[in-house]
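Inspection log for the structure reproduced underneath, given as C-alpha cells.
No lab work stands behind these numbers, since they all come straight from the coordinates. Here the structure is a predicted model, which is why all the values come from computation and not from measurement. Here Cβ is always computed from backbone atoms with ideal geometry, including for glycine, and neighbour counts include all displayed protein chains.
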Amino acid sequence: MAPGAGAVKRLILHVGQHKTGSKALQAFLSHNRAVLLRRGILYPRGSSNRRAPLAYAVSHYLSFALLRHQLEGGSGSPPALCQPFSSLSQWLALLAAAPAHTVILSAEDLFDMSTAHELDFSLSRVEAGARALSKLAANYNFRAEVVVYLRRQDHLLCSQYGELIKGHPDSCIGFEEFRSAFAPRLRPLPILARWASAFGVEQVHPLAYDPTLLAQGVAVDFFRQAVGMEIPKDCRAPAVHPELDNRAIHRDYVELVRLMQQLRRTEPPRWAIIEAAQRSGVRAEVKAWLSPGERRQLLQAHSLENDEIARLYRVGRSAFFPEPEPPDDPGWAAYPGLSAERAVELLLESHAIRQAWWTRIGRHGARGLAWMSSFIRGGGARP
C-alpha cells in the first residue's frame, strides 16, 4: 500500500509510562484480539520471533525497536525480534491495509524513548521519535491519538528502580545514585510537550495511574477513556503468565538481586529470586525506600508541573494525581539493609524454586524440553 492511500483509520498509540500496568493491559488486549477484531478494532500481534520473550509478542515493543533503529541512523539490520519487518514504515503500511477502523498499538518504551532497563535519556530523542512517528502515521492516513498513563513521582521512582535491578543482569547501581540519574524522567511535562508538538495538544491524552481512579483495573479505564467504550461483554481476562507478571517486588529481594549482580554470582539465577519474591506475597511499598517526609518533599517539587498537566490537557480536575500525600508515620524506620540471616533465607527459597523447576524438566521428557525452550526464549525468565 502506498503512503496516503486508503480510508482514514483511527490509531490509538498507548506509549507508557513504564510501571503503569502496561503488561496487564497488553495481555488483556492480546488475549481478546479476535473479539476486538470482530468489532473493527485491531490489536496486532507483536514480535513473531519465537526466541523473543513473551512480553514482546503481546506488546508492540518492535515499534519502539524499529523507531530507535531509525533514529540511530538505520545502519545494519534492526533487532531480530522485529522480524520480518525491516522498518516501522513497512509495518504501518500493513496495518493501514488491515480490515479494521481502529488500530491499537501499545509500547511503553515509546513515551521517553528509553527502555526500563537503561538510564540513558534524551529529550531531543523523544522529540525526534515523536515527530517521526507522527509523520509516518500521517503518511498512511492514520488519525493518531497518543495515550499515556503517568504514575506519581514517589511511586514511579521506587518501582522503576526495582525494575531496573531485576530486569538488567549487569545493573548494581544503588538507590540514591539511581534517584539522581532518573530525575529527568520524573518530569513528564517536558516529555508530553514533545509529543504534543508532534501530534497536537488535543491528540495527546495523559491519564493518571492512580489507585483512587483505577478501582476496576487499567483495562476498564483504558477502554473508557482511550477507546471511548466499555469492554465488550465477550472479552475475558487472561490467565496470569509468569513472564508477564511484572509486579514490583519487596526491597529485600531487590537488594539480593543487586548484590548477586554486583558480586557476579549466578546461583541461584535471577529468575528464581524474582519468582520467590512473587510467591512470598509480601507487598512492595514506597515506605521501604522513602520516608513520608521525603515523599512529600519530592511531590512538592513536582506539584506545579503536575497541576499544569491537568490544566493543559483538560483532565477535568485541578490535581492530576488525586491520591492524598502520605501522612507522617511515627513508626517509620529507614531500611536497615539486607541482613546475612535474611539473605540466607531468601537464597534458600530461591534455590528450592530452581531445584523444583529442574526436577519438573527431568520428569516430563518432551514437555520438559518445551519448558526449556520457553526458558531460552524468555531470556532467562521462568517458563
Practice item. Compute the length gained on full extension between N141 and D170: take 0.36 nm times their separation in residues and subtract their Cα-Cα distance, giving the result in nm to one decimal. Key: 6.2 nm
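Multiply the residue gap between A215 and E345 by 0.36 nm, knock off their C-alpha separation, and tell me the result in nm, one decimal place. Don't skip to the end; give the middle numbers.
Numbers: separation 130, 0.36 × 130 = 46.80 nm, distance 3.49 nm.
Here the segment from A215 to E345 would lengthen by 43.3 nm.
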Exercise for review: Can you check what the net charge comes to around R143, using other residues whose Cβ is under 12 Å from the Cβ of R143 (Lys, Arg +1; Asp, Glu -1)?
Suggested key: 0
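Taking each pair of different alpha-carbon atoms in the stretch 206-321 once, compute 1/r for the pair, average those values, and report the inverse of that mean as the Kirkwood hydrodynamic radius in Å to one decimal. Walk me through the numbers before you get to the answer.
Working: mean 1/r = 0.0560 Å⁻¹.
Hydrodynamic radius (Kirkwood, Cα pairs) of the stretch 206-321 is 17.8 Å.
Give the percent of DSSP beta bridges with both residues in the chain that are antiparallel, rounded to the nearest 5. It would help to have the intermediate numbers written out before the result.
Numbers: 0 of 19 bridges.
Antiparallel bridges: around 0 percent, rounded to the nearest 5.
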Exercise for review: Binning at 10 Å from 0, report for the stretch 157-266 what percent of all alpha-carbon pair distances ends up in each bin.
Suggested key: 11, 27, 31, 24, 7, 0
Review point. What order do you get for 48-54, 310-316, 23-29, 95-101 when each peptide is scored by the mean count of other beta carbon atoms within 10 Å, highest first?
Key: 23-29, 48-54, 95-101, 310-316
Check your understanding: Between (1) 25.6; (2) 34.5; (3) 20.2, which matches mean projected area of the Cα convex hull in nm² calculated for the structure shown?
Key -> (3)
Practice item. Note down the relative contact order for the chain as a percent, whole number, built from C-alpha pairs under 8 angstrom at least six residues apart. Key: 20 percent
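Summing +1 for each Lys or Arg and -1 for each Asp or Glu, what net charge is found among the other residues whose Cβ lies under 11 Å from the Cβ of H101? Kindly include the intermediate steps, with their values, before the conclusion.
Working: positive: K9, R10, R39, R143; negative: none.
So the surrounding residues net to +4.
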Revision key, fill the gap. Summed over the other residues with a beta carbon less than 15 angstrom from that of P84, with K and R at +1 and D and E at -1, the charge totals +3
Practice item. Quick one: among M260, M229, M113, which has the greatest mean-square fluctuation in a GNM of the chain with alpha-carbon springs under 10 angstrom? Key: M229
Review point. So what is the orientation-averaged projected area of the stretch 5-142, using the convex hull of its C-alpha atoms, in nm²?
Key: 8.2 nm²
**Study point:** For the stretch 269-286, 3J(HN,Hα) per residue [Karplus equation, 6.51 cos²θ - 1.76 cosθ + 1.60, θ = phi - 60°, Hz, x = Gly/Pro]
**Key:** x, 4, 4, 5, 5, 5, 5, 4, 5, 5, 6, 4, x, 7, 6, 7, 10, 4
Review point. Per-residue HN-Hα couplings for the stretch 199-204, Karplus 6.51 cos²θ - 1.76 cosθ + 1.60 at θ = phi - 60°, whole Hz, x for Gly and Pro?
Key: 10, x, 4, 5, 9, 10
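Per 0.36 nm of contour for each residue apart, how much would the distance between L312 and A97 grow if the chain were fully extended, relative to their Cα-Cα spacing? Spell out each step's value before the answer.
On the way: separation 215, 0.36 × 215 = 77.40 nm, distance 3.46 nm.
Taking L312 through A97 to full extension adds about 73.9 nm, to one decimal.
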